[in-house]
Amino acid sequence: MNTKTIRYFDHNATTPVAREVVESMLPYLTDYWGNPSSAYGFAHQIAAAVEEAREKVAGLIGAEPKEVIFTSCGTESNNTAIHSALAVSGKRHVVTTAVEHSATLKYCQWLEKRGYAITYLPVDKEGKLDLHQVEEAIGPETGVVSIMWANNETGVVFPVADIARICQSRNVLFHTDAVQVPGKLRIDVKEIGVDMLSLSAHKLNAPKGIGMLYVKKRTRFQPYIIGGHQERGRRGGTENVANIVAFGRAAEMAVERLHEENTRVRSLRDRMESELVRRIPHCRRNGAAEPRLPNTSNLSFDFVEAEAVLMLLDQVGICASSGSACTTGSLDPSHVLTAMGLSPMQARGSLRLSLGCNNTEDDVEYLLEHLPPIIQKLRDISPLNPQHPDNVGYHVASSRGRDEGASARLSTNV
Ligand code: PLP
């Protein structure tokens, strides 16, 4: 299988590297391979390319170039932001949410084992946050509030400008994981008033292994990777020049793509979602319809296991996922969906379909042709299905409407 033979519905996991992006980075692997920190002219032009890329990435988020620190990935950026805020403040409490990416959650859990207090704010059944709870969670020992901008599994968008206002009024640093946002929503760090913001280039058609952390000027900062004087002493390690240049080019393209993502891609996603819900009984969207990333749809299919659905989709060349790629292989149901109140069984029957600018109407038609029969086929053989002869553990209270959700109709004794 290769990119020509697959139908790709997993852009929240990673995106294809754009041809223009590959072309921009190639010279920095072939002719201009020097170390940007070296003293001779050959290296100076490489350092200049890094600075040009920094300007482009800063442009994507409305920042000043010197506020951009290149990192190795979104995970490093999130870890760095939290680490730095705690180190400079000397405080020992973090406010975050129960639905963050593992790049934040696992770091917070690690801190918890070392005696830090972490508040994991809950979400409601639509995946939304209660701002009063954000406000109430902040106390004198809070060193940082780290809350994602858009959820990678459901696409639900949090009100980051409101959260930033709360944090400002309480004099606490606010970091947001915006890894899923560029190219989908406009980003203006000054308008939002955020102190730190993470991005990862592979979510915007650039290679893997390059990310960035925005740190508002005059914010006290403690590096996470300690070494050389690179990145103005804020992140040691020789710069990943070719990837940084690629990130710069991809940042320019992400700005240009905003309109298409919010028109063509959004309407493809909406058609796909409404047709799947219409054609497949016991199928529901997980998470609020709005505000939501224009490319993301998370759907529950009762009486099936998403892993089985994904295997059958794979056989017909469709790539999708059951949640975050970083938790694939884990037997646990999605922490995002269970935090929204789905039962483990409902969460295990959920698929994430995330589109991108490369998707066509033909891709959506292909998915609509293949997914409904796959669900039907699995339900026909599934003991989870109330109609299945081997089903002893479940029964359906017959006459309820579809919209109430099959979970309400299932009474389980297993
Ligand atoms: N945060 C979010 C919301 C993500 O979706 C991801 C990647 O899936 C990350 C952080 C981690 O980014 P990276 O893969 O660059 O470490």
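The values are calculated or read from the model by the stated rules, or taken from the named source; none is laboratory data. What you see is a predicted model; the values in this text were computed from it and never measured. Note: ideal-geometry Cβ built from the backbone for every residue, glycine included; neighbour counts use all protein chains shown. The protein model used for the area step is the full one, side chains on, heavy atoms only, and it has no ligands, DNA or RNA in it. Shrake-Rupley method; radii C 1.70, N 1.55, O 1.52, S 1.80 Å.
Observations
- Pairs from Lys190/Lys216; Lys66/Lys190; Lys66/Lys216 whose Cα-Cα separation, in the structure shown, is over 19 Å: none
- Only one residue of Tyr107, Pro16, Tyr40 has its Cα farthest out toward the positive end of the dipole of region 1-142, where Lys and Arg carry +1 and Asp and Glu -1 on Cβ, and that residue is Tyr107.
- Using alpha carbons only, the radius of gyration of region 83-153 set against its Kirkwood radius gives Rg/Rh = 0.96.
- P(r) tail for region 154-311: Cα pairs beyond 28 Å make up 37% of the total.
- Taking a ≥ b ≥ c as the square roots of the eigenvalues of the Cα gyration tensor, an a/c ratio of 1.5 or more together with a/b larger than b/c marks region 44-129 as prolate.
- Region 100-140: trypsin sites (Lys or Arg not before Pro) falling in loop per DSSP and having at most 14 other Cβ within 10 Å: Arg114, Lys125
- For the chain, with +1 on Lys and Arg beta carbons and -1 on Asp and Glu, the positive-most of Met25, Pro223, Pro122 along the dipole: Pro223
- Between region 97-120 and region 34-65, the alpha-carbon center distance in angstrom: 34 Å
- Beta bridge orientation in the chain: antiparallel %, DSSP, nearest 5: 60 percent
- Residues in the chain average 43 Å² of solvent-accessible surface per residue, probe 1.4 Å, ligands and nucleic acids excluded.
- Over region 220-322 - Rg/Rh using Cα atoms and the Kirkwood inverse-distance radius: 1.16
- Folded to 0 to 90 degrees: helix 160-169 orientation relative to the chain principal axis, Cα: 60 degrees
- Cα gyration tensor, region 1-92 - rounded (a/c under 1.5), prolate or oblate: oblate
- Whole-percent carbon and sulfur share, accessible surface of the chain, 1.4 Å: 53 percent
- Restricting region 1-61 to chymotrypsin sites (Phe, Trp or Tyr not before Pro) that sit in a DSSP loop and have at most 13 other Cβ atoms within 10 Å of their own Cβ leaves Trp33, Tyr40.
- Of Gly41, Gly287, Gly211, the residue with the greatest mean-square motion in the GNM of the chain, using alpha carbon springs below 10 Å, is Gly41.
- q = 0.08 Å⁻¹, the chain: log10 I(q)/I(0) [Debye, one scatterer per Cα]: -0.46
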